[in-house]
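To keep things clear, I will list the structure first and then write my remarks on it.
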């Protein structure tokens, strides 16, 4: 009996030791503004994504994955810090006073545009574990990711989108290529070179393409291809479709390089988006609205994770997860723990990735004490009304239930996502106990995180507008 126990203990430590001695390389592919329905493997019949579809069969595809914010900068800040927005102060891009002054009832919470250097990022944690770290593409959290733990920066600046997808790029952190070179191709060229150069090292590649963010610019031959292809009700923009295909082609190149270098058994590949799709470009039905809104269309994103020999193939997970979970996941995979005073708001995904358990049931939160104007030129609502995609408020998802609270008028919206994924049937009045339960959870979380709640009235507000 003692011998069996001893063998078990030794086996456990051998397994743990092997993880500690040979942690995986990490390739995190972050597409910009890619909506939940914008891949064939997530339901699109217009966009063509064979390489990403193949990736989805090689590991685990998530149905209920979320970004920690509904637009670029706060989502990326959440990923890299592992913290909800109230802890780092980034809620939007640039000013929080968006839209017309006369339409804003409250004075919004001021926004921070740069991730503070005091934040210990994922890259800094991985450097501590001996990784070489590279950021390729969009940064958007400061002037240069090298101040936040990255050894290499290709194309990352404070800009949220490229001036052009075709060279010359007019980007201070990437040299122009031949006239007409396509930025998505170029970033992949740089990544392939990086992988070949560092194939014997432990590396973290933060592959954060600018695509498919505006400006909408695709290759002429691909645009013509989709102009001649039957569109669907919600997916019909041929230029956007061309950008999707170019993205997919380059994801294929990236993965083929890892396969050719025989790195897929010691590399975990994560493919996802920073927020929902832009509603006037690509509709996210059955999800409600899109980028910038805190309904499902703004925060639910595609997520696929592959690690050959470790994550089983052809898996579908409907467990709610959020991009904050990657920080503790990477710490566990590299046999590290958070610093004593470091707050991480996510949970490690290791138990579900390796089929060794599940996540502790927990609420997911979004906080947006700000305004974000509606999408230009769109005649249908992109938020609660035609003027704003986001008005100040907070949101919580707990199990199948999701509660929205708005600060201007105290309005509450409660939805059962299992039966009402489109968030059309507000049950706040019909389900008072459930509403109160989630509201209590939400208020308690705001207290713990010291989340600011705007209450000062705007003297220039005109209620008649």
Go through the range 140-154 residue by residue and tally those that are without any contact (Cβ under 8 Å) to a residue 60 or more places away in the chain and assigned to a loop (DSSP other than H, G, I, E, B).
-> 6
Can you name the number of the only condition in (1) assigned to a loop (DSSP other than H, G, I, E, B); (2) surrounded by fewer than 24 Cβ atoms within 10 Å (Cβ to Cβ); (3) touching a strand residue (DSSP E or B) at 6+ places or on another chain (Cβ under 7 Å) that residue 83 fails?
-> (3)
Taking the range 212-229, which residues are assigned to a loop (DSSP other than H, G, I, E, B) and farther than 16 Å from residue 187 by Cβ?
-> 214, 215, 216, 228, 229
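Find the residue count for the range 294-323, including only residues that are part of a loop (DSSP other than H, G, I, E, B) and touching a strand residue (DSSP E or B) at 6+ places or on another chain (Cβ under 9 Å).
Total meeting the criteria: 12.
So if I check each of 88, 140, which one is at positive phi and touching a helix residue (DSSP H, G or I) at 6+ places or on another chain (Cβ under 6 Å)?
After ruling out the rest, the residue left standing is 140.
Check whether at least one residue in the range 56-65 is in a helix (DSSP H, G or I) and modelled with pLDDT of 95 or more, and report yes or no.
Yes, there is a match, as at least one residue in the range 56-65 is in a helix (DSSP H, G or I) and modelled with pLDDT of 95 or more.
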State which residue pairs qualify: first residue touching a residue at least 24 places away in the same chain (Cβ under 8 Å) and outside the structural domain of residue 375 (by TED's automatic domain parsing) and inside the range 95-106, second residue surrounded by 15 or more Cβ atoms within 10 Å (Cβ to Cβ) and outside any loop (DSSP other than H, G, I, E, B) in any location, beta carbons under 7 Å apart, and separation of 6 or more residues or different chains.
-> 98/372; 98/373; 99/373; 99/388
Number of the condition not met by residue 145 [criteria: (1) surrounded by fewer than 23 Cβ atoms within 10 Å (Cβ to Cβ); (2) under 25 Å from residue 200 (Cβ atoms)] | (1)
Taking the condition modelled with pLDDT of 95 or more and part of a loop (DSSP other than H, G, I, E, B), does residue 232 pass?
-> yes
Some residue of the range 280-293 being outside any helix (DSSP H, G or I), crowded, with 21+ Cβ neighbours inside 10 Å and on the phi > 0 side of the Ramachandran plot = yes
Any idea how many residues of the range 214-224 are over 16 Å from residue 162 (Cα atoms) and either touching a helix residue (DSSP H, G or I) at 6+ places or on another chain (Cβ under 7 Å) or crowded, with 19+ Cβ neighbours inside 10 Å (or both)?
-> 2
Kindly indicate whether residue 140 is outside the structural domain of residue 394 (by TED's automatic domain parsing), under 17 Å from the mean Cα position of the chain (by Cα) and either over 22 Å from residue 341 (Cα atoms) or modelled with pLDDT under 95 (or both).
-> yes
Any chance the range 117-126 includes a residue that's outside the structural domain of residue 388 (by TED's automatic domain parsing), farther than 30 Å from residue 202 by Cα and within 19 Å of the chain's Cα centre (by Cα)?
-> no
Would you pick out the residues in the range 29-54 that are surrounded by 24 or more Cβ atoms within 10 Å (Cβ to Cβ) and assigned to a helix (DSSP H, G or I)?
-> 52
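Residues 418, 355, 425: which one is surrounded by fewer than 16 Cβ atoms within 10 Å (Cβ to Cβ) and at pLDDT below 95?
355
Which residue out of 377, 383, 346 is at pLDDT below 95, crowded, with 20+ Cβ neighbours inside 10 Å and in a loop (DSSP other than H, G, I, E, B)?
Just a single option satisfies the conditions, and that option is 383.
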Before we move on, is residue 370 under 26 Å from residue 446 (Cβ atoms), under 21 Å from the mean Cα position of the chain (by Cα) and surrounded by fewer than 17 Cβ atoms within 10 Å (Cβ to Cβ)?
-> no
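Residue by residue through the range 339-351, note down the ones that are in contact (Cβ under 8 Å) with a residue 60 or more places away in the chain and out of contact with any helix residue (DSSP H, G or I) (no Cβ under 6 Å at 6 or more places or on another chain).
Passing the criteria: 339, 342, 343.
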In the range 155-196, how many residues are surrounded by fewer than 21 Cβ atoms within 10 Å (Cβ to Cβ), without any contact (Cβ under 8 Å) to a residue 40 or more places away in the chain and not in a loop (DSSP other than H, G, I, E, B)?
-> 2
Would a scan of the range 240-259 turn up a residue that is more than 26 Å from residue 82 (Cα to Cα), in the same structural domain as residue 60 (by TED's automatic domain parsing), over 19 Å from the mean Cα position of the chain (by Cα) and not in a helix (DSSP H, G or I)?
-> no
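The values are calculated or read from the model by the stated rules, or taken from the named source; none is laboratory data. Only a predicted model underlies this, so the values are computations on that prediction, with no experimental measurement involved. Every residue, glycine as well, gets a Cβ built from its backbone with ideal geometry; the counts of neighbours run over all protein chains shown.
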